[in-house]
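The values are calculated or read from the model by the stated rules, or taken from the named source; none is laboratory data. None of these values were measured; they are calculated from a predicted model. Here the Cβ positions follow ideal geometry from the backbone for every residue, glycine too, while neighbour counts run over all protein chains shown.
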Amino acid sequence: MFVRMKSRIHFLLLLVLPGMLCFAQPAERKMSPEKYIDNYKDEAIKEMLMYNIPASITLAQGMLESGNGNSDLAVYANNHFGIKCHEWNGPTFIKDDDAKDECFRKYPSVLDSYTDHSRFLKDRPRYASLFTLKRNDYKGWAEGLKAAGYATDPKYTKRLVELIETYRLYELDKMEGVPNITASVEKPTTPDKFEPREILRFHLIKYVIVKPGDSFYKIAHDTDKDLWQLYKFNDLDQDATLIAGQKLYLQPKRNRAKEPFHTVKKGETMRSISQLHGIKLKKLYKKNHLAPGKEPAPGTLLYLRKNKPADTSQ
C-alpha cells in the first residue's frame, strides 16, 4: 500500500511541477534595466532627432512608467509611458491606476508607443516651455514634466534624474544620428508602389483603418485622395499623428448620426465622438449648443440627430 501511495504522489508531482515551472518562467524572463536600455535606446535617439526631446528623458520615462517593460500595461498594451485615453480613437486597455477602471491607450507595437509619447508632449501647450530648453538639460526636462502634471508621484523628478545618472543616459543626448534611421527623419515621400487596402463603410461613409507604418502620404496615394481631404474629413491639423488602429474617413462625415444620443465616457472628446459616429465635428458642437473647443464632462448626454432643446429655465 505504501508503494502504491508513493507511486500516486510521484504521478501527481509529474502533473503539477510542469505547471509550476510554466508559471515561474515569466518572472525569469523579466527585462532588466540594462536590457531595456539596449532594446530601446536607438528609438529614444530617433525620437530626439525628430522632436528634440532628450533621449535620456524618453528612455528614463519609459523605464520608470513601464517597470523596464515588465508592467501589465507594457506587456499587454505596449504602452510604455502610461498615457491615458484622452483624445484617443484607437484600441484601449482598462486597469486600475489613480482611480478604478481607468482607460489607457493600447498600441500595436512598443515603437508606436514611443512615437505617440513624443507627439503627446509636442502637441500639448502645457509642455511647450520644455521645448525651449537645451537638449542636454535633462534636469530641466525632469522638473518641467513634473511641474506640467505628467505624473502625480511627488518624487517623479528625482526618480527620473536618478535613472539618467545611474545608467549614464545623458550620453545619449550627445548623439547626432542613429544607424538606419536617416530615411525616417526626413520628410516622407509619396510611395511609388500602390498597395490595395480594404475600404470599409460606416453610415455610407468610406473609411480605412490605419496600419502600422502608415502615413498620410501613403494613405492618400493608396486611396487616390489629396492630403487636404484626409485632414479636412477627419478634423485634423497638418501636424497630426496617425496611430495604428484608428479610423480615417475618406469622405465627409454626415450632418447627423445614425444613433440619436451618445453618453460621454471618461477619456472621450468631441472629436473622438465625432469620429465614432461619423458626424461632422462642427455639427456635433452646434446640435449641443457647445462652443467650439469645449469638451463635455463624462456622463453628459450628447444629441447626435436632433438639436438639443434650448434651455428655457430662468
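General remarks:
- Exactly one residue out of Arg159, Arg124 is more than 21 Å from the chain's Cα centre (by Cα) and either free of Cβ contacts under 8 Å to residues at least 24 places away in the same chain or not assigned by TED's automatic domain parsing to the domain that holds Pro212 (or both), and it is Arg159.
- Meets criteria (buried (at least 16 other Cβ atoms within 10 Å of the Cβ) and touching an Asp or Glu at 6+ places or on another chain (Cβ under 8 Å)) for Tyr107: yes
- The residue of the range 203-224 that is modelled with the lowest pLDDT, among those that are surrounded by 14 or more Cβ atoms within 10 Å (Cβ to Cβ) and more than 26 Å from Ser109 (Cβ to Cβ), is His203.
- Odd one out for Asp101, checked against (1) surrounded by fewer than 17 Cβ atoms within 10 Å (Cβ to Cβ); (2) closer than 17 Å to Arg271 by Cβ: (2)
- Residue list for the range 58-86, filter: assigned to a helix (DSSP H, G or I) and within 12 Å of the chain's Cα centre (by Cα): Leu73, Ala74, Ala77
- Filtered residues of the range 280-302 (kept if part of a helix (DSSP H, G or I), in contact (Cβ under 8 Å) with a residue 24 or more places away in the chain and not hydrophobic (A, V, I, L, M, F, W, C)): Lys283, Lys287
- Identity of the residue in the range 263-279, in a loop (DSSP other than H, G, I, E, B) and of a type in the set (Gly, Ala, Ser), that ends up surrounded by the most Cβ atoms within 10 Å (Cβ to Cβ): Gly278
- Among the residues making up the range 93-106, a single one is modelled with pLDDT under 90, touching a strand residue (DSSP E or B) at 6+ places or on another chain (Cβ under 7 Å) and of a type outside the set (Asp, Glu): Lys95.
- Arg254 satisfies every condition listed in (1) under 24 Å from Arg197 (Cβ atoms); (2) under 26 Å from the mean Cα position of the chain (by Cα) except (2).
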